[in-house]
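A.B. asks: The structure follows.
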Amino acid sequence: MMKQQLSILTLVALFCAVTYAGEKENSAPTIEEEKALKKSSGKAKNKQLIDVSEGRPVVRLWPIEQVGGEANRLKHDTSKDGKVRYKNVKDPHLVVFPVESSKPAPAVVCCPGGGYKWLTFKPELIKWLNDCGVTVFMLKYTVPDDREAALRDVQRAMRLVRQSAKQWNIDPEQLGVLGTSAGGHLVLRLSQHYNQRAYPEIDEADKLSCEPAFVITGSAAYLWDRKTKKVAGEFPMRGKIAPTFMVCALDDKSHGLGSVVYEKALRAAGGTTEIIVSETGGHGLAKVDWFPVCEKWLKAQGIKINNVK
């Protein structure tokens, strides 16, 4: 599936890439943090809303001058209108949820949904992946309304994670992506355009591949043309495409059928796919128990997940 002397630009970029802005440097969540993750799942009206990114290590994506200077360092708005949402992301970055492992662990760059307007993370996804022995890098990508910037962000994120694989004790060959809603659209774009550089090379990280080893989507959005009933033109279905697992619900009137159309087109092009199509569950996939099926699928792809729960 995937020391030479550094230039001044490279040193600046690397200095800017990894930072801790009040984040704790411990490599594993505390008991209190695990409780916070559990509290943040479920219906908001019954649960305390927790910003799961607080107190976590951060990996910035871009040199500071590229995001508007120090005034924008880690800049975004956070709201709690029913769910914790991140808006107006000025300085895209990864938030790290590592696992303890005696050997390099699989990893996932997790891209949230929000219609490219804002970002809404699902703590239950992070907990599930951590319980499977998978380190999670939550991506706060550029919003609002800039899909090309988001694609640049996810490409850069994959390269930086691979570059820092030893630091985070992960296997760079077992680095996949997961996306929900608009995040699903984003990771599927990555899976088909990883070999088309979306931005000029900055440093040594950009010599690495951004190809995902596997792709997981939940209620992926914007995948098809409603008039022609065909997959959207952003997805040419050519070349090597990572094994792809999708889940959707048919009562998700806006986006449910898009996953069905996409999976059919990818399978016809020779791709490795699996899809769960639920009659009910809506866009949020309520009560759709797809985690166990996805775990089996990951193992079948050779991903060395190791349940630690």
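The values are calculated or read from the model by the stated rules, or taken from the named source; none is laboratory data. Just so you know, these numbers come straight off a predicted model, no measurement behind them. No Cβ is skipped: glycine too gets one built from the backbone with ideal geometry, and neighbour counts run over all protein chains shown. Surface areas here come from the heavy atoms of the whole protein model, side chains and all, with no ligands, DNA or RNA. Shrake-Rupley method; radii C 1.70, N 1.55, O 1.52, S 1.80 Å.
A.B. asks: Could you count how many residues in segment 131-160 are open to solvent by less than 20 Å² (accessible area, probe 1.4 Å), of a type outside the set (A, V, I, L, M, F, W, C) and over 14 Å from the mean Cα position of the chain (by Cα)?
C.D. replies: Pass one, segment 131-160, residues open to solvent by less than 20 Å² (accessible area, probe 1.4 Å): 132-141, 143, 149-151, 153-160.
So of that shortlist, the ones also of a type outside the set (A, V, I, L, M, F, W, C) come out as 133, 135, 140-141, 153, 155-156, 159.
Restricting the remaining residues to those that are over 14 Å from the mean Cα position of the chain (by Cα) gives 133.
Residues in segment 131-160 being open to solvent by less than 20 Å² (accessible area, probe 1.4 Å), of a type outside the set (A, V, I, L, M, F, W, C) and over 14 Å from the mean Cα position of the chain (by Cα): 1 in total.
A.B. asks: Right, here's the next one. (1) within 22 Å of Gly218 (Cα to Cα); (2) surrounded by 12 or more Cβ atoms within 10 Å (Cβ to Cβ); (3) at pLDDT below 95: which one isn't true of Lys43, the others all being true?
C.D. replies: (2)
A.B. asks: Here is a check on your reading of the model: is Thr273 of a type outside the set (A, V, I, L, M), more than 23 Å from Phe235 (Cβ to Cβ) and touching a strand residue (DSSP E or B) at 6+ places or on another chain (Cβ under 7 Å)?
C.D. replies: Values: of a type outside the set (A, V, I, L, M): yes; more than 23 Å from Phe235 (Cβ to Cβ): no; touching a strand residue (DSSP E or B) at 6+ places or on another chain (Cβ under 7 Å): yes.
Judged against the criteria, Thr273 is not a match.
A.B. asks: Please state which of the following conditions Lys166 fails to meet, knowing it meets all the rest: (1) more than 18 Å from the chain's Cα centre (by Cα); (2) open to solvent by less than 20 Å² (accessible area, probe 1.4 Å).
C.D. replies: Status for Lys166: all satisfied but (2).
A.B. asks: Please tell me if Val231 is in contact with a helix residue (DSSP H, G or I) (Cβ under 7 Å, 6 or more places away or on another chain), of a type outside the set (Asp, Glu) and at pLDDT below 95.
C.D. replies: Numbers: in contact with a helix residue (DSSP H, G or I) (Cβ under 7 Å, 6 or more places away or on another chain): yes; of a type outside the set (Asp, Glu): yes; at pLDDT below 95: no.
No; evaluated as a whole, the condition is false for this residue.
A.B. asks: Additional query: Is it the case that segment 201-209 has a residue that's open to solvent by 30 Å² or more (accessible area, probe 1.4 Å) and over 30 Å from Lys103 (Cα atoms)? Give the derivation first.
C.D. replies: Our first condition is that a residue be open to solvent by 30 Å² or more (accessible area, probe 1.4 Å); within segment 201-209, this holds for 201, 204, 207-209.
Going one step further and asking which of them are over 30 Å from Lys103 (Cα atoms), we end up with 201.
For segment 201-209, residues open to solvent by 30 Å² or more (accessible area, probe 1.4 Å) and over 30 Å from Lys103 (Cα atoms): present.
A.B. asks: Say we look at segment 58-111 and pick out the residues that are among the acidic types (Asp, Glu) and open to solvent by 20 Å² or more (accessible area, probe 1.4 Å); which of these is modelled with the lowest pLDDT? Let's see the steps before the verdict.
C.D. replies: Step one: filter segment 58-111 for residues among the acidic types (Asp, Glu), giving 65, 70, 77, 81, 91, 100.
With the extra rule that they be open to solvent by 20 Å² or more (accessible area, probe 1.4 Å), the set shrinks to 65, 70, 77, 81, 100.
Numbers: Glu65: 96, Glu70: 96, Asp77: 95, Asp81: 84, Glu100: 93.
The extreme case among them is Asp81.
A.B. asks: Ok, one more. I need a count of the residues in segment 115-153 that are in contact with a Ser or Thr (Cβ under 6 Å, 6 or more places away or on another chain) and closer than 21 Å to His193 by Cβ.
C.D. replies: Qualifying residue count, segment 115-153: 3.
Listed here are the residues, each with its yes/no results for (1) open to solvent by less than 70 Å² (accessible area, probe 1.4 Å); (2) in contact with a Lys or Arg (Cβ under 9 Å, 6 or more places away or on another chain); (3) of a type in the set (D, E, K, R); (4) more than 26 Å from Gly133 (Cβ to Cβ).
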residue	(1), (2), (3), (4)
Arg238	no, no, yes, yes
Asp251	yes, no, yes, yes
Arg267	no, no, yes, yes
Glu274	yes, no, yes, no
Leu285	yes, no, no, no
Asp289	no, no, yes, no
